[in-house]
Structures are given as structure tokens and as C-alpha cells.
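Student: What follows is a structure written as C-alpha cells; I'll ask about it next.
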Amino acid sequence: MKHQLATLAALALATTTFLMASKDDKTNAPSTQQTPEELAACAVPSEAQTTALEAFKKTDSEWKKLLDHNQYRVLREQGTEPPFRNQYWNNKDKGVYLCAGCQAPLFASAQKFDSGTGWPSFWDSIEVKNVGETVDTSHGMTRTEVHCNRCGGHLGHVFPDGPRPTRLRYCINSASLEFVAKADLEDRQLAAYAKHAK
């Protein structure tokens, strides 16, 4: 019964969030809209447990000094941003996306696609070793949560409904990412990832 109530609450929250975002951003929102059930899978916060490499373990107070409020809520408290109202969902610039918590390279523009969900979506990672997966069974759903393997920060979830060649959809929160434009990759010592920034 508790799981059913949690799922209903999650669906209501997702539907409300989606309708509010659609009302505010009618000109920018894609025409393809997902059902509340599909949207809820991305919109509901995760409760999966993750760990960080020893060198990147920090106390809550240390993280709060390094991250802004929204970054902390998403990366450290496994929160979720509203769709269509986050920094990178519609970013079409060429470049690389790093973990906002520890700057580990995660995704790139070459693997980014418009999933119609309102969150940045990628069909693959540029560094598989940096993206960890944990089964998340919170809110009466079974999802695969993705996190930064370096600092343990929550990124989002991955679903098996993406495009070829992987057919994966990494549904990621903008707050968990830092975008580095292709022109700045060399200065940030990320030139090795330039091939992915197209």
C-alpha cells in the first residue's frame, strides 16, 4: 500500500511539474510529450546508495561550500530538476560535460540527443569508467540510477529506450554537469575528448 501511494504521489508530482514547465516554456518545449508514467521515471528523486573514491570523499559541510544549492540538492541529496527548466536540456553547443562535483569527464555533445523529456539526454558516456550504475527501487519503481564513480554524485537515470547504436538514454540533471565548450577543451586539459565534441 505504501509503495502504491508513493507511486501515485510521484506521478502527481511529475504531472504537475510537466504541466508547469509546458505552460512556462510553450515555445521551447518539443511537440512530443511523454505520458505521466514515462515522465515520472525521470522526475522522481533517487534513493540509491552510492560511494566515492577515497580521494573524493567529503563531509556534507565541505560539499555545501563547493556546490551551489541546486547542485548540492541533485548531486548529494539525489534530487531532480524540473523538465525544460534546467540549464542544458536544449544546449546544442559542441563540447564535453563534466561532473559538477569533481570534474570527471562524463558525456559529450556527439552523444547528446533530443529525447523530448526536458532533461539532457545522451546515448553513451565518453568515459564508461566514470559513470556508475545502481538499481534504484524507491517509489515503487525499479530504475537504474547513474552516478559519478569518482565522487559518488547523483547524475540521473539510464533507460533502455534510447537511439542506436546503444539504445540507451542517460537522463541527466543539468545541475550535476559542467559544460566545457570545444574551444576551451585544450585549456582545461581535455583535448583528448575533442573527437567527442562534435
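The values are calculated or read from the model by the stated rules, or taken from the named source; none is laboratory data. Quantities reported herein were computed from a predicted structural model and do not represent experimental measurements. As a convention, Cβ positions derive from the backbone with ideal geometry for all residues, glycine included, and neighbour counts pool all protein chains shown. All accessible areas refer to the heavy atoms of the entire protein, side chains included, with ligands and DNA or RNA removed. Shrake-Rupley method; radii C 1.70, N 1.55, O 1.52, S 1.80 Å.
Student: Rolling a 1.4 Å sphere over the protein heavy atoms, what is the accessible area per residue of region 61-198, to the nearest Å²?
Tutor: 44 Å²
Student: To the nearest 20 debye, what charge dipole does region 47-118 have about its Cα centre, counting +1 at the Cβ of each Lys and Arg and -1 at the Cβ of each Asp and Glu?
Tutor: About 160 debye.
Student: Calculate one ³J(HN,Hα) per residue across region 72-89 by plugging θ = phi - 60° into the Karplus curve 6.51 cos²θ - 1.76 cosθ + 1.60, and present them in order as whole Hz with x for glycine and proline.
Tutor: Values per residue, Gly and Pro as x: 5, 4, 7, 5, 9, 10, 6, x, 9, 7, x, x, 6, 10, 9, 4, 10, 4 Hz.
Student: To the nearest 0.05, what FRET efficiency results for Gln87 and Val135 with a Förster distance of 30 Å applied to their C-beta separation?
Tutor: Rounded to the nearest 0.05, the efficiency is 0.60.
Student: Would you mind working out the magnitude of the charge dipole of region 109-189 relative to its Cα centre, with +1 at each Lys and Arg C-beta and -1 at each Asp and Glu C-beta, to the nearest 20 Debye?
Tutor: 200 debye
Student: Follow-up question, since we're still on this one. If you take every residue apart from Val131 with its C-beta less than 14 Å away from the C-beta of Val131, what net charge results, scoring Lys and Arg +1 and Asp and Glu -1?
Tutor: Once positives and negatives cancel, what remains is -1.
Student: Does region 99-166 come out rounded, prolate or oblate, given a ≥ b ≥ c as the square roots of the eigenvalues of its C-alpha gyration tensor, rounded meaning a/c under 1.5 and, failing that, prolate meaning a/b above b/c?
Tutor: The shape class here is oblate.
Student: Taking all protein chains as present, what is the carbon and sulfur share of the accessible area of region 40-198, in % to the nearest whole number, probe 1.4 Å?
Tutor: Exposed carbon and sulfur together represent 46 percent of the surface.
Student: Separate question: So if each residue of separation counts as 0.36 nm, and I subtract the Cα-Cα distance between Arg167 and Phe113, what length gain in nm does that give?
Tutor: 18.3 nm
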